[in-house]
Amino acid sequence: MATGQLFSRTTQALFYNYKQLPIQRMLDFDFLCGRETPSVAGIINPGSEGFQKLFFGQDEIAIPVHSTIEAACAAHPTADVFINFASFRSAAASSLTALKQPTVRVVAIIAEGVPESDTKHLIAYARSNNKVVIGPATVGGIQAGAFKIGDTAGTIDNIIQCKLYRPGSVGFVSKSGGMSNELYNSIARVTDGIYEGIAIGGDVFPGSTLSDHILRYNNMPQVKMMVVLGELGGRDEYSLVEALKHGKVTKPVVAWVSGTCARLFKSEVQFGHAGAKSGGEMESAQAKNQALREAGAIVPTSYEDFEAAIKETFDKLVKEGKITPVKEFTPPEIPEDLNSAIRNGKVRAPTHIISTISDDRGEEPCYAGVPMSNIIEKGLGVGDVISLLWFKRSLPRYCTKFIEICIMLCADHGPCVSGAHNAIVTARAGKDLVSSLVSGLLTIGPRFGGAIDDAARYFKDAYDRNLTPYEYVEGMKKKGIRVPGIGHRIKSRDNRDKRVELLQKFANTHFPSVKYMEYAVKVENYTLTKANNLVLNVDGAIGSLFLDLLSGSGMFTKQEIDEIVEIGYLNGLFVLARSIGLIGHTFDQKRLKQPLYRHPWEDVLYAK
C-alpha cells in the first residue's frame, strides 16, 4: 500500500445508501474549509434516481442520485472515494462492486459485523489492485482542511475545536472512531493539529492496517510526526514494530495501545470492538506497548501521559526547526438550519399551513383532539369521523347515524346519471381509477348533486323570514330561480323517492325538531299543485334535515350554521357519498373489460 496522500481539497466521493446527516456534515465541512466544490459528487440509492437537496453553505444544491454503482461511476469519473453506508449484510458485495470500478481508488466501509470471509476477500482484491479499504466498522477518515468521510470528527463545533478546518503537521491513525475524536482534540491542544487522521476500524480484519497508514504518512512531506492509538487484541501493531525496526519509518511516532486494564480481570474480557480481545500475552496492551517502545516509538507509561508525550515531541520538532506551526485563522460560520434555529429559539418563522382538525405529531394521529385508538376502541363509525374532521366536535349518535344514512342513500343512482356516465366512459378509455373518479366528480354542480347547499340555504332563508310557501315559490319564480330541492325527472306525486321517505322517517323518530323539513314539505305541497313531478327530492330532503340536525342538536350557533351552509359542507356529503358509487362503476367496467365507448350516431341530432 504505502504511497502517499489519499485525499485533497478537490477529492470527491460517491455516497452509497443515502443518509442525510453524514452527507450534510461532509458538505458543511467543505464550506468550513473553503472548498470550491462539494465533496459529494453523487449518491447511490439502489432502485432510486433523481436528486437530493442539501446545503453547501448558504446555497441549496441538488446532488444526483443514481440507482447503481456503475451508473454513478460513469457519471462522475473524477469521484475516486466510495463511502459505503450499507448494512453489514450487503456492505461486502457493494464494496467489491465499487473496488472493481476503474475510477474508485478508496473504499470506506462503515458497517460493523461484515463477515470475516467477505472482508478477507475485499482485502485481497484491494491489495492486488493497488486500492485502499478503510474499515469495516470505521467512522472513516479526514484530511484537515480538505476532505472528510461521513461522520468523521463529529459535529461542526468539535471540528472547529479540533482545528480540523485547516491542515496541521500530525498524521494520526487509530482503530477506534470514538477515540479518534478524543485524540483529535488532544492533538489540537498541544500541537498545530492533524494533517490527516484515519480510523481503520475495530473488526478483527481491517481493510488497511496501522502500519499501512504510518508508512503513507512517512512518505508525505506535510506530515512531520505520527500519533498511533492501538488496542489490545490481534497483532496489527507488530507490523508497525517491524517497520520501525527496519528503518522504514523515519519520523517520530508517539504511540499508545489501550487496554492495559484487561489484566485486572480474572477472565478474558471482550472490549467494545470485535478485535479488542486479547488472545494471549503477545496480544496484550502491555506487550504491544513494550514492543513499540523497544522498536523506537515514543510510548508513555500510561494513557494519561499520552498527550504530554505528543506535546513534548511536537515542541522538540518546532525547536529543531522541522515544524513551523500553522498560523491560526477564523473559519467561516456555517449557516444554522432553520429547524435548529427555531428549536433553539433564535428565530421566528411563520408557518405555511394552519390545521385545526387533525394532528399527526404524537404517538398516534388525533382527529379534532380525539386519539385514533379512542375512535376504534369506542366502536365509532364513519359518521363520527366526519363529525370530528368536518365539524370539529363529537355529535350525538343520531346525528352521526343520519350522516351515515345520507352516505348510503347517495352512494349511487345507477349508470345513467351524468357522474356515473362520465366515470364509465373514462374507465372504458383505459384511464386509471383516480382519473375516472375525478371525471365523474367534475359533473357535480348546480344541475347534478350540487343542490343540497342551495336547498338548505333557500329553505332556511324563507323559513327564518316567515315566508309562506306561496311567497317563497312565487318570489323565486320572479327572480328566475328554480326552487332547489324540488322536482325530479322520474319521481312524482304517485311515485315518491324512497330515499326521501327513509330520511324523513329517521328524522321524525330521532330528531328533537324537524321544523325545516316540515317547511320543505309545505313547499312541496304547494309546488305539486303546479306539476305532478315537483316533489321534494333527495337534495331538498338532506338540505332541510341537515338544517334541523344543526339547529336541533344545540351544538352550533346561528353563525356557525350559516357558515356551514355557505362553505359547502352539505354538497361535500354528496361528493363523499357519490365517490363510492363512481369508484364502483370504474371497477365494474374494468372487471368486465369493456372496450372504448363511442356514442351511437342514431342518438345524436345532427342539426344544420
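The values are calculated or read from the model by the stated rules, or taken from the named source; none is laboratory data. The shown structure was predicted, so the numbers you read here are calculated from the model rather than taken from an experiment. Positions of Cβ are backbone-derived with ideal geometry, glycine not excepted, and every protein chain shown enters the neighbour counts. Quick note on the areas: whole protein, heavy atoms, side chains included, nothing else; ligands and nucleic acids left out. Shrake-Rupley method; radii C 1.70, N 1.55, O 1.52, S 1.80 Å.
For LEU240, the criteria (1) open to solvent by less than 40 Å² (accessible area, probe 1.4 Å); (2) farther than 25 Å from ASN185 by Cα; (3) assigned to a helix (DSSP H, G or I) hold in every case but one, which is (2).
Among the candidates SER373, SER394, SER436, SER387, the residue that is polar (S, T, N, Q), under 38 Å from the mean Cα position of the chain (by Cα) and assigned to a loop (DSSP other than H, G, I, E, B) is uniquely SER394. Among residues of the range 350-374 being without any contact (Cβ under 8 Å) to a residue 12 or more places away in the chain and of a type in the set (A, V, I, L, M), the one that is farthest from ALA507 (Cα to Cα) is ILE353. Residues that are of a type outside the set (Val, Ile, Thr) and within 17 Å of ILE159 (Cβ to Cβ) within the range 27-46 comprise LEU27, ASP28, PHE29, ASP30, PHE31, LEU32, CYS33, GLY34, ARG35, PRO38, SER39, listed in sequence order. A single entry from VAL500, VAL521 fulfils the requirement of being touching a strand residue (DSSP E or B) at 6+ places or on another chain (Cβ under 9 Å), open to solvent by less than 20 Å² (accessible area, probe 1.4 Å) and not small (Gly, Ala, Ser): VAL500. Would you check which residues across the range 444-481 are under 27 Å from VAL417 (Cβ atoms), surrounded by fewer than 18 Cβ atoms within 10 Å (Cβ to Cβ) and of a type in the set (Gly, Ala, Ser) and list them? Within the range 444-481, GLY445, GLY480 qualify.
Starting from residues that are in a helix (DSSP H, G or I) and of a type in the set (Val, Ile, Thr), keep the ones in the range 439-476 and report whichever is modelled with the lowest pLDDT. It comes out as ILE452. Taking the criterion of being open to solvent by 50 Å² or more (accessible area, probe 1.4 Å), under 25 Å from GLU560 (Cβ atoms) and among the β-branched types (Val, Ile, Thr), the only residue of the range 360-392 that qualifies is VAL382.
Does the range 148-163 contain any residue that is modelled with pLDDT of 95 or more, in contact with an Asp or Glu (Cβ under 9 Å, 6 or more places away or on another chain) and open to solvent by 10 Å² or more (accessible area, probe 1.4 Å)? Yes, the range 148-163 contains a residue that is modelled with pLDDT of 95 or more, in contact with an Asp or Glu (Cβ under 9 Å, 6 or more places away or on another chain) and open to solvent by 10 Å² or more (accessible area, probe 1.4 Å). Screening TYR569, TYR516 for residues that are open to solvent by 10 Å² or more (accessible area, probe 1.4 Å), modelled with pLDDT under 95, of a type in the set (Ser, Thr, Tyr) and within 30 Å of LEU388 (Cα to Cα) leaves exactly one candidate, TYR569. Taking every residue in the range 505-525 that is of a type in the set (S, T, N, Q) and pairing it with any residue that is assigned to a loop (DSSP other than H, G, I, E, B) and surrounded by fewer than 22 Cβ atoms within 10 Å (Cβ to Cβ), at least 6 positions away or on another chain, the pairs with Cβ-Cβ distances below 9 Å are ASN508/VAL514.
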